[in-house]
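Below is one structure, written out as structure tokens; the observations come after it.
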Amino acid sequence: MNESPSEYKFDEISIGDKKKFTEKIDESKLQEFAKLSGDFNPLHMNEEYARATKFKKRVCHGMLLASFFSKLVGMHLPGKNALYFSQALNFQSPCYLGDQITVEGEVLDKSDSTRIITIKTSIYNQDGSCLVDGTAKVIMRED
């Protein structure tokens, strides 16, 4: 890994701050996630099975997509000083093998008393369709 996390301090975060990055959903990501999670559902792993479903092709694990919110929070917004507190998820549309996704975060709220920031989290495919969205709450550590 050559990427270093952002090092925003609580006072440097403002409502409206945004960060985003892109990822390609490829075979290796599906295989690695299936091994890590133990989810080998044929909708994700078997092309022939998936072809016979309403999706007509393999669908990415929803939780694989959601895991990119961890990268968003831990590496980009706010980065090093983050402690994930909670994440709400709404799965909107399927993601397919080969999709190029954009992971986005926008600061919606900031509490001085709790040092918690609220981030709108979203993932879109290459066509601009929302695949998953939600809200993250992140404690800003001082250490």
Task: Hydrodynamic radius by Kirkwood, which averages 1/r over all alpha carbon pairs of the stretch 1-53, in angstrom - done: 14.9
Task: Dipole of the chain, positive end: most advanced residue of 31, 131, 42 [Cβ charges, Cα centre] - done: 42
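Ignoring everything except DSSP H segments at least 4 long, calculate the 222 nm mean residue ellipticity for the chain; use -39,500 (n - 2.57) per segment, divide by total residues, nearest 500.
On the way: 4 runs with 30 residues, N = 143.
Result for the chain: -5500 deg cm²/dmol, rounded to the nearest 500.
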Task: Cα Rg, Dmax, the chain, angstrom units - done: 16.4, 54
TODO: Just add up the charged neighbours of residue 139: K/R +1, D/E -1, any other residue whose Cβ is under 14 Å from the Cβ of residue 139.
DONE: +2
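Around residue 19, with a cut-off of 10 angstrom between Cβ atoms, what is the net charge of the other residues, counting Lys and Arg +1 and Asp and Glu -1?
Numbers: positive: 18, 20; negative: 17, 104, 106.
Taking every other residue near residue 19 into account, the sum is -1.
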Task: Neighbour cut-off at most 14 other Cβ (10 Å), DSSP loop, trypsin sites (Lys or Arg not before Pro), the stretch 25-97 - done: 54, 56, 57, 80
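If you rank 8, 49 by fewest surrounding Cβ atoms within 10 Å, what's the result? Please report the intermediate quantities before stating the final value.
Values: 8 20, 49 13.
With the sparsest Cβ surroundings first, the list reads 49, 8.
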Open item on the list: To test your reading of the geometry: what angle, between 0 and 90 degrees and rounded to tens, separates the Cα axis of helix 62-71 from the longest principal axis of the chain?
Closed with: 30
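What ranking of 39, 143, 109, 11 emerges when the number of other C-beta atoms within 10 Å of each C-beta is taken as an exposure proxy, fewest first?
Ranked by crowding around the Cβ, least crowded first: 143, 11, 109, 39.
Of the chain, which part is the longest with no GluC sites (Glu not before Pro) in a loop (DSSP not H, G, I, E, B) and with at most 11 other C-beta atoms within 10 angstrom?
Numbers: sites that count: 3, 142.
Value returned for the longest uninterrupted segment is 4-141.
Within a Cβ distance under 14 Å of residue 92, other residues only, what is the Lys/Arg minus Asp/Glu net charge? Provide the component values of the computation, followed by the final result.
Values: positive: 120; negative: 99, 104, 127, 133.
Its environment carries a net charge of -3.
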Task: Between helix 27-37 and the chain: long-axis angle, C-alpha atoms, 0 to 90°, nearest 10 - done: 70
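Determine the dipole magnitude for the chain: charges of +1 sit on the beta-carbon of Lys and Arg, -1 on that of Asp and Glu, nothing else is charged, the reference point is the Cα centre, and the result goes in debye to the nearest 20.
Numbers: 19 positive and 21 negative charges, 68 e Å.
The dipole of the chain has a size of about 320 debye.
Any read-out appearing in this document is the output of simple, stated calculations on the displayed coordinates, not a laboratory observation. From a predicted model like this one, the values you see are computed outputs, not experimental measurements. Quick reminder, even Gly has a Cβ in these numbers, built from the backbone with ideal geometry, and neighbours come from all protein chains shown.
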